[in-house]
Structures are given as C-alpha cells and as structure tokens.
Amino acid sequence: MTDEPESPQLAHAKVSAENGVVVVTLTGEIDMVNAGEVRSALQARLDERPDALVVDLALEFLGSAGLMMLMEIQRAAKEEGVAFGVVATSRPASRPLELSGLSAALPLFDSAPEAVKSLRKSD
C-alpha cells in the first residue's frame, strides 16, 4: 500500500479522420500542467495539412491554459489554411468557453459529425 496521491486525469486523445477532416476527441483534463503537451499533439495534426481539424472537448475540466491553447491552435490553423472547429457540448468544456467569451471567438459545433460535414471541402 502506498500513500501517494492519486494522479490527475490528464488529457487523452482519440484521433479519427473522415473525408480529409481530422477529429481529435480529448478526454480527461486540460490545465497548465498538460496544455503545452496537448497543443503540441494538435499542432502535429495541423502539420499533416488536413482539410480541417475538429477538436472535440469531451473533458472533465478545461482550465485557462486550455482556453489559451485552443486560441493558439485556431490561429495556427488559420495560418496554415486548415479549417478549424470545436465541439464543446459537455458543461465542463462549454462553461469555461462561455464565461471567458471564447464561445463567440471559436467556431463551435454541436457534434463532431456536424463539424465534419460543415468543414470538409466539397467534392
């Protein structure tokens, strides 16, 4: 038996691709401890030059460092010509976006399929 504290649920990513759109579903927590790591992982997806990148925030916690990271990824996507969207339907993800005003600055969608449909390039 150990007396070590339980480690936080850091973010985990599940990646899928559909019709040129990469969807990254994030679970767990994004805070100042791991926001840089999450940003690097999302940037690596942008570097692959998909038609679009969708970040699905299925999180238990989204801290201010995570909010800043989303804005940085949105800026990087724009610079690289990659369409970008965010899904934030759970309260732990949507509430910080609303309170910070970022819900008006980020392209939000109600579901990943809706985002994929909206952002993919027409054939």
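Residue pairs, Cβ under 6 Å, 6 or more apart or interchain, first in region 18-41 and on the phi > 0 side of the Ramachandran plot and free of Cβ contacts under 8 Å to residues at least 40 places away in the same chain, second in a strand (DSSP E or B) and among the hydrophobic types (A, V, I, L, M, F, W, C). List them.
Going by the 6 Å Cβ cut-off, the qualifying pairs are GLY28/LEU10.
Of the residues that make up region 75-86, is at least one open to solvent by less than 70 Å² (accessible area, probe 1.4 Å), more than 17 Å from LEU119 (Cα to Cα) and under 11 Å from the mean Cα position of the chain (by Cα)?
For region 75-86, residues open to solvent by less than 70 Å² (accessible area, probe 1.4 Å), more than 17 Å from LEU119 (Cα to Cα) and under 11 Å from the mean Cα position of the chain (by Cα): absent.
Residue pairs, Cβ under 7 Å, 6 or more apart or interchain, first in region 102-118 and farther than 13 Å from GLY20 by Cα and touching a residue at least 12 places away in the same chain (Cβ under 8 Å), second assigned to a loop (DSSP other than H, G, I, E, B) and open to solvent by less than 70 Å² (accessible area, probe 1.4 Å). List them.
Listed pairs, sorted by first residue: LEU108/ALA88.
Please count how many residues of region 31-71 are in a loop (DSSP other than H, G, I, E, B) and among the charged types (D, E, K, R). If you could, list the steps in order and put the result at the bottom.
Looking only at region 31-71, we keep the residues that are in a loop (DSSP other than H, G, I, E, B), and these are 31-34, 48-51, 63.
Keeping just the survivors that are among the charged types (D, E, K, R) gives 31, 48-49, 51.
So the count comes out to 4.
Run down VAL86, VAL33 and say which single residue is among the β-branched types (Val, Ile, Thr) and modelled with pLDDT of 95 or more. Outline the logic, then answer.
On the way: VAL33 fails: modelled with pLDDT of 95 or more.
On inspection, the qualifying residue turns out to be VAL86.
Search region 17-30 for residues being open to solvent by 60 Å² or more (accessible area, probe 1.4 Å) and in a strand (DSSP E or B), and hand back the single one that is modelled with the lowest pLDDT.
Going through region 17-30, the residues open to solvent by 60 Å² or more (accessible area, probe 1.4 Å) turn out to be 17-19.
With in a strand (DSSP E or B) added as a condition, the list becomes 17-18.
Values: ALA17: 93, GLU18: 83.
The residue in question is GLU18.
Yes/no matrix, rows are residues, columns are (1) crowded, with 21+ Cβ neighbours inside 10 Å; (2) under 13 Å from the mean Cα position of the chain (by Cα):
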residue	(1), (2)
MET32	no, no
ALA41	no, yes
LEU57	yes, yes
LEU70	yes, yes
ARG95	no, no
ALA104	no, no
SER111	no, yes
SER118	no, no
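The values are calculated or read from the model by the stated rules, or taken from the named source; none is laboratory data. A quick note: this is a predicted structure, and the numbers were derived from the prediction, not measured. Every residue, glycine as well, gets a Cβ built from its backbone with ideal geometry; the counts of neighbours run over all protein chains shown. In case anyone asks, the SASA skips ligands and DNA or RNA and just uses the protein heavy atoms, side chains included. Shrake-Rupley method; radii C 1.70, N 1.55, O 1.52, S 1.80 Å.
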